[in-house]
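First comes the structure, then the notes that go with it.
The values are calculated or read from the model by the stated rules, or taken from the named source; none is laboratory data. From a predicted model like this one, the values you see are computed outputs, not experimental measurements. Neighbour counts are summed over all protein chains in view; Cβ atoms, including those assigned to glycine, are modelled from backbone coordinates with ideal geometry. Note: accessible area is taken over every heavy atom of the protein model, side chains too, but ligands, DNA and RNA are not part of it. Shrake-Rupley method; radii C 1.70, N 1.55, O 1.52, S 1.80 Å.
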Amino acid sequence: MKIGATIVKDEIGYWKPKLAKNEWMRIFPNSDGMLPAWDDARFEYMQDVGGQPFASTKLDGDTNKIKALRTRLLDLPDWISTLWLTDRHEPEGDFTASQYKAHFKLYFDMIKGLPTDIRTRIKCGPVLTRQATENSGGLGTYATYDPGVGDFFGVDMYGNSWGSGGKAATSYVDPKTFLAKVKTYDSKGRQKLFPEIGYVGLPFDTDGSKRAQWIEGVTQELKTWSNFVGYIWWNANGKEGSSISGLGTKRYFQLDRRHTGTDGSYKTLNPALPLNKFNSYKGI
């Protein structure tokens, strides 16, 4: 099983020595929706550590941009043994299901038409969203946005940080419950993977041990799936959300941090038990 962690560009120097192994990492597009240059610091980091980039674009059916991406992919650097690729990850809040499916099929048609020597080094598939699908009032089924094509079926997986009464959660969701709907979803022969997975360091978990146990539970369950490629931990801040009592608006997913209960503040764990647990999977 492939395991990696996504870090933002300006924290590469901080995290590089702390991660025992980083097999793959998310790399997000430029403001125009296109891939960053191959000499971007994030690509260079993956080359340095022997990892594989998992890149996103936001081309959304624009045929001119799809053609431009094809030209870029024809110059895929030799060091990239596999480029994992998706377009418009987490599309549920941006397009209707029919729009997204049409856009993605155009995109994947281009990927399928690449020369064999390039095509064999690219894995492309959709990336949907657990919270948009499974939360109360959500879509209920991944089939709504699944275009049904691709080399893989991906889901961005985040645990809810809120509990009852507008307060921060006081436990992490059971790993098997967390994974159950994706486990049983029929991916139509495509392998499953999680390009993003994460849980914030909740205030109740004062030493990080409970989050470390959660990571262990998720990993051990996923090891039993015959069609699972791997996951990438979201090792960065999340978007600010609505204020939660005991948590504030900030979202800290880093493996060495937990919320202190004060908005905008966190504690660096020592020892960082979630990070230690992550690093224990080196060579899994």
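A few comments on the model shown:
- Counting residues in the stretch 235-246 that are modelled with pLDDT of 95 or more and either hydrophobic (A, V, I, L, M, F, W, C) or in contact with a helix residue (DSSP H, G or I) (Cβ under 6 Å, 6 or more places away or on another chain) (or both) gives one or more.
- Condition met for Gly159 (open to solvent by less than 40 Å² (accessible area, probe 1.4 Å), under 30 Å from Gly246 (Cα atoms) and either within 20 Å of the chain's Cα centre (by Cα) or not basic (Lys, Arg) (or both)): yes
- Within the stretch 1-29, the set of residues being over 18 Å from Ile197 (Cα atoms), open to solvent by less than 70 Å² (accessible area, probe 1.4 Å) and over 15 Å from the mean Cα position of the chain (by Cα) comprises Glu11, Ile12, Gly13, Ala20.
- Residue check for Ser171: over 19 Å from Ala55 (Cα atoms) and open to solvent by 10 Å² or more (accessible area, probe 1.4 Å): yes
- Among (1) closer than 24 Å to Val182 by Cβ; (2) open to solvent by 70 Å² or more (accessible area, probe 1.4 Å); (3) at pLDDT 95 or above - the single one Gly137 does not satisfy: (3)
- Of the residues making up the stretch 70-88, those that are assigned to a loop (DSSP other than H, G, I, E, B) and open to solvent by 30 Å² or more (accessible area, probe 1.4 Å) are Leu74, Asp75, Asp78, Trp79, Ser81, Arg88.
- Among residues that are of a type outside the set (Val, Ile, Thr), under 23 Å from Val229 (Cβ atoms) and not in a loop (DSSP other than H, G, I, E, B), Ala20 is not included.
- Boolean, Met46 is surrounded by 14 or more Cβ atoms within 10 Å (Cβ to Cβ), among the aliphatic types (A, V, I, L, M) and either at pLDDT below 95 or assigned to a helix (DSSP H, G or I) (or both): yes
- Candidates Thr96, Thr120, Thr116, Thr129 - the one that is of a type in the set (S, T, N, Q) and crowded, with 17+ Cβ neighbours inside 10 Å: Thr129
- Here the stretch 179-207 is the region considered, the condition is being hydrophobic (A, V, I, L, M, F, W, C) and farther than 20 Å from Thr144 by Cβ, and the residue that is farthest from the chain's Cα centre (by Cα) is Phe204.
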